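**Q** What follows is a single structure, and I will ask about it in a moment.
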Amino acid sequence: MQHRTAARLALACLAASALPVQAQVTQKPDGQWRSLFTAGASIATGNTDAKSASLGADVIKLTTTDKWAITGAAQYARSAGATTANHVGGSTLYSSDFTPQWFGFGELDLLHDLPSDLSLRTTLGSGIGYHVVKKPDQSFDLSAGLAYTMDRYHHEQVIQDETRRRYDHAELLFAEESNNKLSDTTTFKQKLTVYPNLRDTGDVRTVFDAGLSVAMTRQLALTATLSHRYDSRPGEGLGRNDTLFVTGVSLRFD
């Protein structure tokens, strides 16, 4: 039993290292497109039968007054013949300054997650924000706005005492985001977004992502990322919290 437990623990660590990490793409306000990509895979056979694969992408175009950011991630894993991860997500965000401190933004998020029974979650959001700090090596932004989320489920879910295959609702959007260059080789970023539900008062979603990146060469970096998702009403039999901590190596193109 101890040997099996140790094997499962080792497999979990191996699988985690194959998940996509959100390392920091280079942020330089010169109007050039810059990108960062991650990939990983793991296979275990014998007493343990498991495999996993992942892909990730982070693309950005930054000037002194506006920003385009595009991200994508995909995860797939099987263990003992059962699918344990099947996740594909992507987002795009555009923001533009209309004064040195104030900016407007629009965003689109897409998510397919089989363990959460989500066939597709589409979120459209827009609002205004304020640059609390805006320096070449440090930034901190606050933003607020409105969002509209459309959930499509693989199976019927009981939400607000109703059985549904879809759930559309408007939300408020509150976010804070920071980027910090801690040294010549180390950067840290984090973002927290809160979505209070306007259709069913009291329900709320939160999305938190944080990432630390340490450059090894001009293109390669060691990364560590923490992601947390909370949904106060995820559906019958589903957990409210999803937390993931991963480490890995990323490749950037500047």
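The values are calculated or read from the model by the stated rules, or taken from the named source; none is laboratory data. On a predicted model such as this, the values are computed, not experimentally measured, just so you know. Note that each Cβ is placed from the backbone with ideal geometry, even for glycine, and that neighbours are counted across all protein chains shown. Each accessible area value is taken on the protein alone, full model and side chains, heavy atoms only, with ligands, DNA and RNA left out. Shrake-Rupley method; radii C 1.70, N 1.55, O 1.52, S 1.80 Å.
**Q** Here are some residues: ILE159, ILE128. Which one is at pLDDT 95 or above and touching a Gly at 6+ places or on another chain (Cβ under 9 Å)?
**A** Residue meeting the stated conditions: ILE128.
**Q** Kindly indicate whether THR201 is outside any strand (DSSP E or B) and free of Cβ contacts under 8 Å to residues at least 24 places away in the same chain.
**A** Taking the combined requirement at face value, the residue satisfies it.
**Q** For the range 140-174, how many residues are of a type in the set (D, E, K, R), in contact with an Asp or Glu (Cβ under 7 Å, 6 or more places away or on another chain) and farther than 20 Å from SER119 by Cα?
**A** The qualifying residues number 1.
**Q** Continuing with this model, one more query. Before we move on, is THR163 free of Cβ contacts under 8 Å to residues at least 40 places away in the same chain, out of contact with any strand residue (DSSP E or B) (no Cβ under 9 Å at 6 or more places or on another chain) and either among the basic types (Lys, Arg) or loosely packed, with under 13 Cβ neighbours inside 10 Å (or both)?
**A** Criteria not met by THR163.
**Q** Of everything in the range 194-225, what is more than 22 Å from LEU36 (Cβ to Cβ), within 16 Å of the chain's Cα centre (by Cα) and crowded, with 17+ Cβ neighbours inside 10 Å? Give them in sequence order.
**A** Once the filter is applied, which keeps residues that are more than 22 Å from LEU36 (Cβ to Cβ), within 16 Å of the chain's Cα centre (by Cα) and crowded, with 17+ Cβ neighbours inside 10 Å, the range 194-225 yields VAL194, TYR195, ARG205.
**Q** Further question on the same structure: Pick out the one residue from LYS134, LYS181, LYS191 that is open to solvent by 40 Å² or more (accessible area, probe 1.4 Å) and touching a residue at least 40 places away in the same chain (Cβ under 8 Å).
**A** LYS181
**Q** Give the residues of the range 76-101 that are touching a Phe, Trp or Tyr at 6+ places or on another chain (Cβ under 8 Å) and under 19 Å from ALA175 (Cα atoms), sorted by residue number.
**A** Of everything in the range 76-101, those that are touching a Phe, Trp or Tyr at 6+ places or on another chain (Cβ under 8 Å) and under 19 Å from ALA175 (Cα atoms) turn out to be THR92, LEU93, TYR94, SER95, SER96, ASP97, GLN101.
**Q** Name the residue that is farthest from the chain's Cα centre (by Cα), counting only residues in the range 120-131 that are open to solvent by less than 30 Å² (accessible area, probe 1.4 Å) and not polar (S, T, N, Q).
**A** Ranking the candidates gives HIS131 first.
**Q** Is one or more of the residues making up the range 64-72 open to solvent by less than 50 Å² (accessible area, probe 1.4 Å), touching a residue at least 60 places away in the same chain (Cβ under 8 Å) and either of a type in the set (Ser, Thr, Tyr) or in contact with a Leu (Cβ under 9 Å, 6 or more places away or on another chain) (or both)?
**A** No; the residues of the range 64-72 include none that is open to solvent by less than 50 Å² (accessible area, probe 1.4 Å), touching a residue at least 60 places away in the same chain (Cβ under 8 Å) and either of a type in the set (Ser, Thr, Tyr) or in contact with a Leu (Cβ under 9 Å, 6 or more places away or on another chain) (or both).
**Q** Which residues, taken from the range 48-63, are of a type in the set (Val, Ile, Thr), surrounded by fewer than 18 Cβ atoms within 10 Å (Cβ to Cβ) and at pLDDT 80 or above?
**A** Scanning the range 48-63 gives VAL59, THR63.
**Q** Something else: Has the range 62-75 got any residue that is in contact with a Phe, Trp or Tyr (Cβ under 9 Å, 6 or more places away or on another chain), over 30 Å from GLU236 (Cβ atoms) and acidic (Asp, Glu)?
**A** So far as the range 62-75 goes, yes, one or more of its residues are in contact with a Phe, Trp or Tyr (Cβ under 9 Å, 6 or more places away or on another chain), over 30 Å from GLU236 (Cβ atoms) and acidic (Asp, Glu).
**Q** Does LEU111 fit the bill of being in contact with a strand residue (DSSP E or B) (Cβ under 7 Å, 6 or more places away or on another chain), surrounded by 15 or more Cβ atoms within 10 Å (Cβ to Cβ) and not β-branched (Val, Ile, Thr)?
**A** Yes; evaluated as a whole, the condition is true for this residue.
**Q** Would it be correct to say that SER95 is modelled with pLDDT under 90, buried (at least 16 other Cβ atoms within 10 Å of the Cβ) and part of a strand (DSSP E or B)?
**A** no
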